[in-house]
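Coordinate-derived values only; no laboratory data. Treat the numbers as computed from the prediction; the structure is a model and nothing was measured. All Cβ positions, glycine included, derive from the backbone under ideal geometry; neighbour counts span all protein chains shown.
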């Protein structure tokens, strides 16, 4: 029965995801068997992605670090309950998103930014920044910093659910199906939230866009 | 030049967020902190309700929470409706006072029970002194007894339950009654002197108390009310036209009275009539 469920889930996922899920499941079985050190491999593999999702939801580096650690500790404590119905990374994402949403609800009135620097040497960001401005040197850094703050500000104006969908889809690259699993809602709901969130973001970031 | 013409979309701007990465030193600190917290979590004893077995059982039950809750509410409602019976107080809460008055004659027949408070009016000089003595005992006992009554007993007293038996009378009341009877037997003259003022006092005071009437008796019957209403309407009907005729005659001037087209004029002792 479990095998059918796993097959049903993996059919909608890409082959790379499926291979990844299988590899994760093997490590999880080792941890469940008592090999606690095997969990470190999962931490090393997913810490940046989990940090990324939490950071993009909170826009605060310190909160993101704490919540990422919480996520791994919760996952470690509950790993005996992981039955393999979904992939490990979906399960881990769900823990991270739920922890973050709970944290955001608690600290809704006292949120503030604590941003990481944009790595301007990365090819993709370099290309985008180059297309956005002709400025160089310190002026460019100032412009990028301003854009970064404006972008985070626009994201924080979204509701928590809309922000989560945009972050998971546009920044973390999850599919609609995966987001639906993580957020425990339908694919239609994910699409609808994504569309609405993008409309709002477009209205906020219009001055920085060029057609 | 080509880069300037490249359109910038929302997706491009959002992709910049991927480039927001912490430095490598951050991960060293992160690993150290996580290790420390992991060890703390390992040493920390988890409560039994958060153990894997309980959590699994709870998650299995979670799919039945809604139907079970609905069934419980339905069952509770059904039992509550089945067991519900309106109490007499709920049906007629205002009837308690009248019941006191109604129950008093029944209490008279009971041998000096506590509810005989209202029955003292029925005692006359001609009644045997035993009954009078017992009634006095009941009177004497009633005040302290009422002060020490439990709520249930008080309601029992107020409702004037006729099922009060002699065993309900307190031992002290019985003792006083016995003493009085003995005193009367030993010296009738002394006893009469002792009792006569009390009896006289009772006879002077109790008629005032006995004016308590039954609420239903004070109500007039519907037929009497209807009769009085009709009679009052008739009385108004006979007086009102005369008064209005006088008013009309007072308001009319002499010219109006005679020059207008009044072709028929009638005057009676108490009325004026015009026909135009």
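If the Kirkwood radius is taken over C-alpha pairs of chain A, then at 4 °C and 1.567 mPa s the Stokes-Einstein diffusion coefficient equals 69 µm²/s.
Measuring spread by the Cα atoms of region A:118-211 yields a radius of gyration and Dmax of 15.2, 46 Å. Largest first, the three principal axis extents of the alpha carbons in region A:94-165 are 41, 24, 18 Å in whole numbers. Contact order, relative form, for chain A: 21 percent (alpha carbon pairs under 8 Å, 6 or more residues apart, mean separation divided by residue count). Mean separation of Cα pairs under 8 Å and 6 or more residues apart, divided by the residue count, gives region A:58-130 a relative contact order of 49 percent. In region A:20-82, the C-alpha radius of gyration followed by the widest Cα-Cα span (Dmax) gives 12.5, 37 angstrom. Between residue B:234 and residue B:35, residue separation times 0.36 nm minus the direct Cα-Cα distance comes to 61.1 nm. When each of B:81, A:209, B:225, A:183 is scored by the number of other beta-carbon atoms lying within 10 Å, the sequence from fewest to most is B:81, B:225, A:209, A:183. Extents of region A:41-162, largest first, come to 54, 34, 22 Å (Cα atoms, principal axes, whole angstrom). Among the residues of A:68-78, the average count of other protein chain beta-carbon atoms within 10 Å of the residue beta-carbon is 4.
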